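Student: Could you have a look at this structure, given as structure tokens, before my questions?
Every number in this text was worked out from the coordinates using simple rules, so none of it is lab data. Treat the numbers as computed from the prediction; the structure is a model and nothing was measured. So basically every Cβ, Gly included, is an ideal-geometry build from the backbone, and we count neighbours across all protein chains shown.
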Amino acid sequence: MKEMGMQVENPQKNFIVNGNLKVIFTEAVKNKRQMLLFITPDNNNYHQKMKALELEHDMLTQDIKFATAERYVRQPNTRKNIANKIYIKSGGLNYDVESKYFDKNRLVIGFETSHKRGGGDAPIAIGVSAYMSDHHMKFTGEYFFVKRASDVYGPIIKDVVSLCINQTKKNRTAPTSGPVPWFISVVSPKDSTVRSTRNTLEKSKRSAAPLETTVQTSQ
């Protein structure tokens, strides 16, 4: 961890008693802990509840299974991977991607959906992540719930792009050259989602100088 520039104090140890995870989160918030690192049995079902409490208490978590923890001492790569996850979740930056799409003055917005066949009328979660923090290689994420439809992105595109642009202007002084929405699992650039997104961005331009708008897709 020191190699990555992290300063880590000795951990405060606790144990899960009768499956009660909430008290651990409550104590962590009370003691102003930055992250909870769990080491749990391979066959437990704590993970979903853990992630729900993570959102409820705004507390970072990392869940490690016993089998992984046992490899920690004897396998350097395991130690490095765990340290890297903690580093990234804590807001660390250890790489700089060189790409024409990742220019420091360009706002990249990523979209992904949990949409699967079946599920009845259950809402769909849309994950959004964008370079709108104080560093151009630092992603900030958010999620939204939408109704099931053929175009699940359409209802939130305008608000999300506006939110990301405003946050970028707030956190960085450098002007953005134009937003690049990036959709995961969109089959074709001719998809209705892509068309509606491009139209929305074109209509939302306010400045006299045109913004360069690019919509990228990947499966």
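Student: Could you give the semi-axes, largest first, of the ellipsoid that matches segment 2-89, computed as the square roots of 5 times the alpha carbon gyration tensor eigenvalues and rounded to whole Å?
Tutor: Equivalent-ellipsoid dimensions as semi-axes: 22, 17, 11 Å.
Student: Let me ask something else about it. Could you pull out every residue, at least 5 positions away or on a different chain, whose amide H is within less than 5 Å of the one on L60? Hs are placed 1.01 Å off N in the peptide plane, and Pro or chain starts have none.
Tutor: Residues meeting the criterion, in which the H sits 1.01 Å from N, are L36.
Student: Additional query: Using 0.36 nm times the number of residues separating V23 and F139, minus their current alpha carbon distance, what extension gain do you get?
Tutor: This chain segment gains 38.7 nm when fully extended.
Student: A follow-up question, please. Amide H to amide H under 5 Å from S133: which residues, 5+ apart in sequence or cross-chain, H placed 1.01 Å off N in plane?
Tutor: K138, T140
Student: While we're on this one: Sorting L37, L107 on the 10 Å Cβ count, fewest up front, what's the list?
Tutor: Fewest to most other Cβ atoms nearby, the residues stand as L37, L107.
Student: Counting other beta carbons within 10 Å of each residue's own, what order do V146, V73, V152, V23 fall into, fewest first?
Tutor: Listed from fewest to most nearby Cβ atoms, that is V73, V23, V146, V152.
Student: Of H57, H135, how do they rank once you tally other Cβ atoms within 10 Å and put the fewest first?
Tutor: By the 10 Å Cβ count, ascending: H135, H57.
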